[in-house]
Amino acid sequence: MIELRYFAWLRERVGTGHEQVETQAATVAELIEELKARDEGYAFAFSDLKAIRAAVDQDLVDLDAPIAGAKEVAFFPPMTGG
Amino acid sequence: MIELRYFAWLRERVGTGHEQVETQAATVAELIEELKARDEGYAFAFSDLKAIRAAVDQDLVDLDAPIAGAKEVAFFPPMTGG
Amino acid sequence: MPEIIVQSDPFDMGEMLNRFAARQANAGAVVSFSGIVRDVATGDLDAMEIEHYPGMTEKALAKIAGEAMTRWQLADAFILHRHGRMGQGETIMMVATASRHRADAFAAAEFLMDYLKSRAPFWKKEITGEGAAWVAARDEDEDALARWQQQ
Amino acid sequence: MPEIIVQSDPFDMGEMLNRFAARQANAGAVVSFSGIVRDVATGDLDAMEIEHYPGMTEKALAKIAGEAMTRWQLADAFILHRHGRMGQGETIMMVATASRHRADAFAAAEFLMDYLKSRAPFWKKEITGEGAAWVAARDEDEDALARWQQQ
């Protein structure tokens, strides 16, 4: 089981801030494909991959990063701190 | 009559912070030559022209600047503010 | 060690600057940056809301500060970033750097800001008379980051 | 109009930063630089004494600040510089800039510092156990200035 976390408008579109999933995905990108296949809400949330950032165990990663052994994968839009 | 002012080590070497002089000099550089001709103290103070900065009426100028009509000419080493 | 603070409470930027400067035994140059909630173009901002990723936030800020400490001759660095709701004129965040060399203090503070803007997990939302809208990331913030990677 | 203060009295950098930031109605980015008296290499600094050129000092600082206001999109600028005698750890001077754009606030503050260092009529003298010595101007301060002239 992996803990998924969502932030900002991605959280609003998905409709939850976190959930636990079983996944066969090897990478973040494959995990996104699994999520998009679930329903229209997820498909819409992840429709523009250029606007999606991801973190594996709280480290920012590229979408082709592996998720083997990860406890937590987070998805969010580009950050706007400062 | 022009008011001359000296600052920092130039003031210490000349031995005064200000004085009034009559001068025939047309430029700052000519004025320096007149001063150097006065005595050894002035000659020593102005011996390294690369280390001399000047202001005419409180505006920083190059040594070849004219002094016609100036009320105040100041001499000092390179500035070390901040 | 750089000090990192993440909090929702308001803070006093002057007090933080004094506190930071007071612990610099021998660094003559102190630079600070403060970000303040400003109005939107339409002039009807009610509040700003900042969401963050607890846990990752502290980790990302510590990493950025550590990187600044190795890239420049810094005596110290400080980052404070708020989350939650704040009104116009309130201070959102602050960074401070201390060095013997002013160029290092300036460069490191600007580096911290550029990284904070687009690599620390904060998301701003503007609440106006029209409703609430997430602030879009700006291309120029990515460009600002790129210059540090070239070095 | 930029505010220029030349004084011998100590001042509180945090208080000055707060005062400056409080009058920025709509500039989200505030940068400050503070210079603090630090020890000399031999470790026996008793005090620093700063001589200046009353009249020209204020004029030179106002000119530098005015130039910063035209070169960058600044909402405001502030310069405070002390003269006279001050001990280790005391604040010598401070500049602050405010802008809607952080890059402008940073660049203008660094520009003000580079000009202040070698174009404002201040001269530093270090008083140590060995006696008093005028601080020599540094080539790198002239180099720092040169980059602004190329633009």
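The values are calculated or read from the model by the stated rules, or taken from the named source; none is laboratory data. Predicted model only: the values in this text are computed from it and were never measured. Don't worry about glycine lacking a Cβ; one is built from the backbone with ideal geometry, like all the others, and counts go over all protein chains shown.
How many of the residues making up the range D:1-53 are more than 8 Å from chain C (Cβ to nearest Cβ), in contact with a Ser or Thr (Cβ under 7 Å, 6 or more places away or on another chain) and assigned to a strand (DSSP E or B)?
3
Just checking: which of the strands (runs of 3 or more DSSP E) contained wholly in chain B hold 2 or more residues that are within 14 Å of chain D (Cβ to nearest Cβ)?
Output list reads B:2-6, B:53-56, B:59-61, B:72-76.
Given the condition touching a residue at least 40 places away in the same chain (Cβ under 8 Å), closer than 30 Å to B:Glu72 by Cβ and buried (at least 18 other Cβ atoms within 10 Å of the Cβ), answer yes or no: does some residue in the range D:18-35 qualify?
Yes: the range D:18-35 contains one or more residues that are touching a residue at least 40 places away in the same chain (Cβ under 8 Å), closer than 30 Å to B:Glu72 by Cβ and buried (at least 18 other Cβ atoms within 10 Å of the Cβ).
Going by the conditions given, is D:Val95 surrounded by 17 or more Cβ atoms within 10 Å (Cβ to Cβ), in contact with a helix residue (DSSP H, G or I) (Cβ under 8 Å, 6 or more places away or on another chain) and in contact (Cβ under 8 Å) with a residue 12 or more places away in the chain?
yes
As an exercise: evaluate D:Lys63 against (1) farther than 23 Å from C:Ser34 by Cβ; (2) away from chain B (no Cβ under 11 Å) and give the number of the one condition it does not meet.
Answer for D:Lys63: the failing condition is (2).
Out of curiosity, is D:Thr91 farther than 26 Å from C:Gly35 by Cβ and among the β-branched types (Val, Ile, Thr)?
Against the criterion (farther than 26 Å from C:Gly35 by Cβ and among the β-branched types (Val, Ile, Thr)), D:Thr91 does not qualify.
Look at the range A:43-59 and say how many of its residues are surrounded by fewer than 18 Cβ atoms within 10 Å (Cβ to Cβ) and of a type outside the set (Gly, Ala, Ser).
6
Quickly run through the range D:21-41 and pick out the residues that are of a type outside the set (A, V, I, L, M), closer than 21 Å to D:Gly66 by Cβ and under 15 Å from the mean Cα position of the chain (by Cα).
Within the range D:21-41, D:Ser32, D:Phe33 qualify.
Given the structure, is B:Val14 under 21 Å from D:Glu51 (Cα atoms) and either surrounded by 15 or more Cβ atoms within 10 Å (Cβ to Cβ) or at pLDDT 95 or above (or both)?
yes
For the range D:113-140, what are the residues that are more than 8 Å from every other protein chain (Cβ to nearest Cβ), under 28 Å from D:Gly43 (Cα atoms) and assigned to a helix (DSSP H, G or I)?
D:Asp114, D:Asp139, D:Glu140 - these are the residues of the range D:113-140 that are more than 8 Å from every other protein chain (Cβ to nearest Cβ), under 28 Å from D:Gly43 (Cα atoms) and assigned to a helix (DSSP H, G or I).
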